[in-house]
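Peer 1: Submitted below is the structure of interest, expressed as structure tokens.
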Amino acid sequence: MSETMVKPGTILGFLALAIAAATAGTWFYRVRMVDIPEDRTLFVICFLAAAGVGIAALVKGAGKLGVLPALLAIVVGAFLPFTIAISEQQVATTGVQVGETIPHFTALDDRREMFDSKNLAGRPVLMKFFRAHW
Amino acid sequence: MVTVSTDTPEEIRDRRYAHGLRADMLSDRDLAVTDAFGLRNLGYHSGPPTDEVEALPVPTSLLIDRDGKVLWVDQAENYQRRSDPRVVLAALKRHLD
């Protein structure tokens, strides 16, 4: 057998990285488009598959060439499970409730002009609180 | 429609153009509006460390009538699960038609 032959673990390492990169690329594109699907099972499967193949690559022996792609795939593959673990929200029970009148507020808008909630009087409003653009 | 986030006005303006949004889009860096509504996330602050805000709001949709009374609230127990547009449209139809 030739000494220059690429190890199976190396191929697995690059395969893991390809799965991780494709999945992460799609995920972040959809995040940017504010289009994350309600059912994220396929994303979870793909991320975990990337991590699993990365681990398999290390177990088989990825060689110098395949170690870094395998490790990157494991880190990226663990990304979604990590974000799921930290995504639970806790809110005070004193938050605004159905039937209550909203508080008066002011805030800067995207033109750096002061918006006053008094401007909302006389029309129904859909109000959405977001975390941030990222 | 009114949106509230912890983004800076400049970040909001960029996103308005990127997504073609038409709404009153407000910056709440000090969480004054978020706290007035009682919507601060008291759990883990999962924002990037480079963002200097103290906390983040819990993603929440509210439908408010012309007198300022809350008709409907949809709140995320998990920030990755936000109000589905179909749910919001159904609420608009149910309460405003």
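The values are calculated or read from the model by the stated rules, or taken from the named source; none is laboratory data. These numbers come from a predicted model, not from an experiment. Please note: Cβ atoms are built from the backbone with ideal geometry, for glycine as well, and neighbour counts cover all protein chains shown. Accessible surface is based on the protein model in full, side chains and every heavy atom, while ligands, DNA and RNA are left aside. Shrake-Rupley method; radii C 1.70, N 1.55, O 1.52, S 1.80 Å.
Peer 1: List the lysines whose alpha-carbon lies under 24 Å from that of B:Lys69, not counting same-chain residues fewer than 8 positions away?
Peer 2: Hits, sequence-local ones excluded: A:Lys118, A:Lys128, B:Lys93.
Peer 1: Express in nm, to one decimal, how much length is gained between A:Thr94 and A:Arg123 on full extension, taking 0.36 nm for each residue of separation and deducting their alpha carbon distance.
Peer 2: Numbers: separation 29, 0.36 × 29 = 10.44 nm, distance 2.55 nm.
Stretched out fully, the A:Thr94 to A:Arg123 stretch lengthens by 7.9 nm.
Peer 1: Angle, helix B:9-19 long axis vs. longest principal axis of chain B, Cα atoms, 0 to 90°, nearest 10?
Peer 2: Tilt relative to chain B: about 50 degrees.
Peer 1: Tell me which lysines have Cα within less than 20 Å of A:Lys7's Cα, excluding those fewer than 8 residues away on the same chain?
Peer 2: Reachable lysines: A:Lys60, A:Lys64.
Peer 1: Ignoring ligands, DNA and RNA, what percent of the accessible area of the stretch A:8-86 is carbon or sulfur (1.4 Å)?
Peer 2: Ligands and nucleic acids excluded, carbon and sulfur give 78 percent.
Peer 1: Quick one: helix B:85-96 against the long Cα principal axis of chain B, what's the angle to the nearest 10°, folded into 0 to 90?
Peer 2: 50 degrees
Peer 1: Please compute one quarter of the surface area of the Cα convex hull for the stretch A:8-86 and express it in square nanometres.
Peer 2: Projected over every direction and averaged, the Cα hull of the stretch A:8-86 covers 4.9 nm².
Peer 1: For the residue pair B:Asp67 and A:Leu68, what label-to-label distance in nm results when each label sits 7 Å from Cα along the Cα-to-beta-carbon direction?
Peer 2: About 6.7 nm separates the two model spin labels.
Peer 1: In degrees, nearest 10, range 0 to 90: what is the angle between the Cα axis of helix A:41-60 and the longest Cα principal axis of chain A?
Peer 2: In chain A, helix A:41-60 runs at an angle near 30 degrees to the longest axis.
Peer 1: I've got another one for you. Return the ratio Rg/(2.2 N^0.38 Å) for chain A, where Rg is computed over Cα atoms only.
Peer 2: Expressed relative to 2.2 N^0.38 Å, the Cα Rg reads 1.66.
Peer 1: Per DSSP H run of at least 4 residues, take -39500 (n - 2.57); add these up for the protein assembly as shown, divide by its residues and hand me the 222 nm value, nearest 500 deg cm²/dmol.
Peer 2: Calculated from helices alone, the mean residue ellipticity at 222 nm is -13000 deg cm²/dmol.
Peer 1: Under the definition of partner shielding as Cβ atoms of other protein chains within 10 Å of a residue Cβ, what is the mean value for peptide B:5-12?
Peer 2: Per-residue shielding by partner chains comes out at 5.
Peer 1: Separate question: Averaged across B:16-29, how many Cβ atoms of other chains sit within 10 Å of each residue's Cβ atom?
Peer 2: Details: counts 3, 1, 4, 4, 0, 2, 0, 6, 9, 7, 11, 6, 6, 2.
Across the residues of B:16-29, the mean count of other-chain Cβ atoms within 10 Å is 4.
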